[in-house]
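Student: For reference, the structure I am asking about is given below.
Here, each number is a calculation from the coordinates, and none is a lab measurement. Just so you know, these numbers come straight off a predicted model, no measurement behind them. Cβ placement follows ideal geometry from the backbone for every residue including glycine, while neighbour counts extend to all protein chains displayed.
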Amino acid sequence: MNNSITMTKYQGLGNDYLVLDPNKNRVQLQGKKVALLCQRGFGLGADGVLYGPVEINGKLGVHIFNADGSESAISGNGVRIFAKYLMDQQYVSGQQFAIETMAGTIEVECLNSRATEFRVNMGKASFISREIPVTGEVREVINEPFTFNNTEYKATCLTVGNPHCIIFMDKVSREEVKALGPYVENADEFPERMNLQICRLIDRGNLDIEIWERGSGYTKASGTGSCAAAIAAHRLGLVEDRVNVNQPGGMIQIDITPDETIYMTGTVGYIADVHVAESFFS
């Protein structure tokens, strides 16, 4: 084995991940190393690291790390990127396969021959406070008043394997979500921290969102965030069963079935294979 570590970089709507394949590298992955790798200027720069394929519950799986080195149960863009990696490296054959995550089994379907567009069954959302988690009595957290940074907002909270807070506004901007995000992420009501999507309803098939991600900060796109925004809007009666969620990185299409199963369709792009100095991991 040579004295460098090989990683592959992909992006889903400008949300970029490094794939570290344990079959090709003998390294121990720790949070501090992940954070350094993801740091722009000192490392390679990325929104997170996908560690896999690994075996989870006896099946083909992936561990997902945020840019701060914390582990995430699920990432919508991360799962699509990892699906492309599995196809590119011929770990899977066929257009439909499953990926194990810490949030459970995710069913994936590749929609084109270049393996750049994927449809992912993201399962169902839960609005139940104890499952998200949100403090207080057990309830569905729908259009409920919260105070963040001395201002009251109506928020809908849910989990799609990770927790999300959705706030509808008349206009959304990068500045607004960056100002509000840290307060929502670290609010006392959210014991495991929180992802924030501020949303603007365009019409019954289209939303605009801006994203603040726990552990990563301002993010151009989020797969789970798109799912969360769409299902929250759907539960509030604002949208139909197919929703285009527009974000700075691009558009993700969300389809909601009659039993409220969420399907996410979006693109993925390969960027580069990268050789990393072994000293990173020593």
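Student: Compute the Rg/Rh shape ratio of the chain: radius of gyration over Kirkwood radius, all on alpha-carbon atoms. Could you put the intermediate results ahead of the total?
Tutor: Details: Rg = 18.3 Å, Rh = 19.0 Å.
Rg/Rh: 0.96.
Student: In addition: Compare the peptides 123-135, 213-225 by average per-residue count of other Cβ atoms within 10 angstrom and give them in order, highest first.
Tutor: Ranked from most to least packed, the peptides come out as 213-225, 123-135.
Student: Please give the calculated 222 nm ellipticity per residue for the chain, where each DSSP H segment of at least 4 residues contributes -39500 (n - 2.57) and the sum is spread over every residue; nearest 500 deg cm²/dmol?
Tutor: Numbers: 4 runs with 46 residues, N = 282.
Calculated from helices alone, the mean residue ellipticity at 222 nm is -5000 deg cm²/dmol.
Student: Take peptides 34-42, 8-16 and line them up by average Cβ neighbours within 10 Å, highest first, as a rough protection proxy. Don't skip to the answer; put the middle values down first.
Tutor: Values: 34-42: 16.3, 8-16: 22.7.
The peptides rank, most packed first, as 8-16, 34-42.
Student: Here is a follow-up. For the pair residue 137 and residue 271, what calculated FRET efficiency results from E = 1/(1 + (r/R0)^6), where r is the Cβ-Cβ distance and R0 = 51 Å, to the nearest 0.05? Before the final figure, lay out each step's value.
Tutor: On the way: r = 46 Å, r/R0 = 0.91.
Approximately 0.65, to the nearest 0.05.
Student: Given the C-alpha centroids of segment 29-83 and segment 170-212, what is the distance between them in whole angstrom?
Tutor: Answer, in whole Å: 23.
Student: Right, something else. If you average 1/r over all unlike Cα pairs in segment 111-266 and invert the result, what Kirkwood radius do you get in angstrom? Kindly include the intermediate steps, with their values, before the conclusion.
Tutor: Working: mean 1/r = 0.0650 Å⁻¹.
Roughly 15.4 Å, rounded to one decimal.
Student: Past 30 Å, Cα to Cα: identify those pairs from 24/178; 124/178; 33/59; 32/178; 84/124; 24/124, in the order given. Working shown, then result.
Tutor: Details: 24/178 38 Å; 124/178 28 Å; 33/59 26 Å; 32/178 24 Å; 84/124 23 Å; 24/124 34 Å.
Checking Cα-Cα distances, 24/178; 24/124 exceed 30 Å.
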